[in-house]
Amino acid sequence: MTSTLLSLKKEVRFKAIQVIKSTLKGEDLQAALDNTLSQLLDTRDKALLTELSYGYFRYKNQLEFIWQRFIKKSAHLPLEINILLSTAVYQLLYLSKIPAYAVISWSVEFSKQNYGEKLAGLVNAVLRKISQLSLEEDFFKQDKADTLTFLSRKYAAPTWLVRYLLKDLGEEKALKFLASSLSRPLSSVLLAKNCDLSALREAIEENTEVGFSIKKGREEEVFRFLEAKKCLFYNQSIESQKILLSLLEEKDHLVWDACAGSGGKSFILSRVNKKVIASDINWKRLCFLKKESKRLGFTLMGVLRASAYALPCAQVEGILLDVPCSGLGVIARRPDIKWKRKEEDILNLAKIQKKILSKVASRVKKGGKIYYLTCTLTRKENELQIAEFLTAYPQFSLEKQILPDCSRQEVFFGACLHRK
């Protein structure tokens, strides 16, 4: 291996290609990214790696469409060159602080060292043309694309997803959501206990009773402050906090978190003084939950491995169901989801949700509650699921329902079901 090639493979852009390759093969994007971030020391390198990796999946089909307009036989390109071109286009068109010459120079040299002079020449020619490109809406219509294809390119979403959302939500809500999903959501934290945040007043975007979101560009300042003041925190979406807090009753009672996952919702319940039992089928997630609850100082009544289909309990006052769902409401934070999901997943997940609801119905005491949550916006998984449950189980009534707000970058659904 030449010294030039060795140097190239130490570069952040090469590491981004590897993260993207791993994610395309099925690994979770953040997990793949975490494995590589731990190898970097410079915060600027970490920021660029994160930006390139998330930017690729946020705009994937749009980026591919752009560079494919300049290459006749793009289907025969090696996967690494495909990813390289997409990440280079992302830098050229969306990251104005990075000089075009730096992007093109690295891309050409990498192509030359790994795939030869001919392919390097092609990469050079294509990227130089794109660096002069003014990306207007008409660019996505130039091949006389139909409306669905055009919207898929403009909003960087799979065609099936655009079609589904247009039909399910209507044009206004669907396009508003797709547009908002192209921006990175604000960083948010759940605090282990109340802290004096008066010094951060200008850096905080929005508060809940248990946490807050951070204005863009102020993250490093906030995290330094929290660490200096020994304010323990857990990274958690502000919208995720708000949806559960909006459903909960003020009275103090036991809540069984039956789809606890890594524990985020259990931690919210603990913060508002609920007695919590957490269970999940995934042992790895439960181990993380135990570790984090100990770090944060939360005392849960129990943590156990169990399927939501068969909870090992008598009747309880409250059951939280943060059910498995399509996750389409959080593609702004987890953009790889939209390229991994298929339309049939929605129906299959809705069947799982229906079964979970039917199995826990008998586990709720009279006067008790089921708190049903999803991080998606499809009606099949949300309000239609709840309507179907209420028809099948008339002993329950709908106490509260919070519909997805499609103008937000992250979209959640919640329902509180009361057993009469």
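The values are calculated or read from the model by the stated rules, or taken from the named source; none is laboratory data. These numbers come from a predicted model, not from an experiment. Reconstructed Cβ throughout: ideal geometry from the backbone, glycine too, with neighbour counts over all protein chains shown.
What is the one condition in (1) part of a helix (DSSP H, G or I); (2) of a type in the set (Gly, Ala, Ser); (3) modelled with pLDDT under 95 that residue 134 does not satisfy? Looking at each condition in turn, residue 134 falls short on (1).
Figure legend. Inter-residue proximity from segment 219-232: first residues over 16 Å from residue 206 (Cα atoms), second residues small (Gly, Ala, Ser) and in a helix (DSSP H, G or I), beta-carbon distance below 8 Å, spacing 6+ or different chains. Indicated pairs: 225/199.
Those helices (runs of 4 or more DSSP H) of segment 166-264 in which at least 1 residues are at negative phi and among the polar types (S, T, N, Q), considering only elements entirely within it, cover 171-180, 238-247. Of everything in segment 350-368 that is closer than 15 Å to residue 394 by Cα and of a type in the set (A, V, I, L, M), the residue that is surrounded by the fewest Cβ atoms within 10 Å (Cβ to Cβ) is 361.
Only one residue in 162, 126 is in contact with a Ser or Thr (Cβ under 6 Å, 6 or more places away or on another chain) and among the β-branched types (Val, Ile, Thr). Which one? It is 162. Flag: residue 264 does not match the condition of being touching a His at 6+ places or on another chain (Cβ under 7 Å) and in the same structural domain as residue 348 (by TED's automatic domain parsing). So residue 156 clears everything in (1) under 26 Å from residue 19 (Cα atoms); (2) assigned to a loop (DSSP other than H, G, I, E, B); (3) without any contact (Cβ under 8 Å) to a residue 60 or more places away in the chain except one condition, right? Which one? Residue 156 satisfies every listed condition except (3).
Any chance segment 299-308 includes a residue that's farther than 21 Å from residue 249 by Cα, free of Cβ contacts under 8 Å to residues at least 60 places away in the same chain and surrounded by 21 or more Cβ atoms within 10 Å (Cβ to Cβ)? Looking for residues that are farther than 21 Å from residue 249 by Cα, free of Cβ contacts under 8 Å to residues at least 60 places away in the same chain and surrounded by 21 or more Cβ atoms within 10 Å (Cβ to Cβ), one finds at least one in segment 299-308, hence yes.
Is there a residue being in a helix (DSSP H, G or I) and either more than 19 Å from residue 314 (Cβ to Cβ) or free of Cβ contacts under 8 Å to residues at least 24 places away in the same chain (or both) anywhere in segment 375-383? The answer is yes, given that some residue of segment 375-383 is in a helix (DSSP H, G or I) and either more than 19 Å from residue 314 (Cβ to Cβ) or free of Cβ contacts under 8 Å to residues at least 24 places away in the same chain (or both). So which residues in segment 73-99 are closer than 18 Å to residue 56 by Cβ, surrounded by fewer than 18 Cβ atoms within 10 Å (Cβ to Cβ) and either among the polar types (S, T, N, Q) or more than 29 Å from the chain's Cα centre (by Cα) (or both)? Of everything in segment 73-99, those that are closer than 18 Å to residue 56 by Cβ, surrounded by fewer than 18 Cβ atoms within 10 Å (Cβ to Cβ) and either among the polar types (S, T, N, Q) or more than 29 Å from the chain's Cα centre (by Cα) (or both) turn out to be 74, 96. Could you please let me know if residue 312 is in contact (Cβ under 8 Å) with a residue 40 or more places away in the chain and either crowded, with 22+ Cβ neighbours inside 10 Å or not assigned by TED's automatic domain parsing to the domain that holds residue 170 (or both)? Criteria not met by residue 312. Among the conditions (1) over 25 Å from residue 332 (Cα atoms); (2) part of a loop (DSSP other than H, G, I, E, B), residue 278 misses just one, which is (2). For segment 148-165, the candidate set comprises residues that are among the aliphatic types (A, V, I, L, M) and farther than 15 Å from residue 346 by Cα; within that set, the residue that is surrounded by the fewest Cβ atoms within 10 Å (Cβ to Cβ) is 148.
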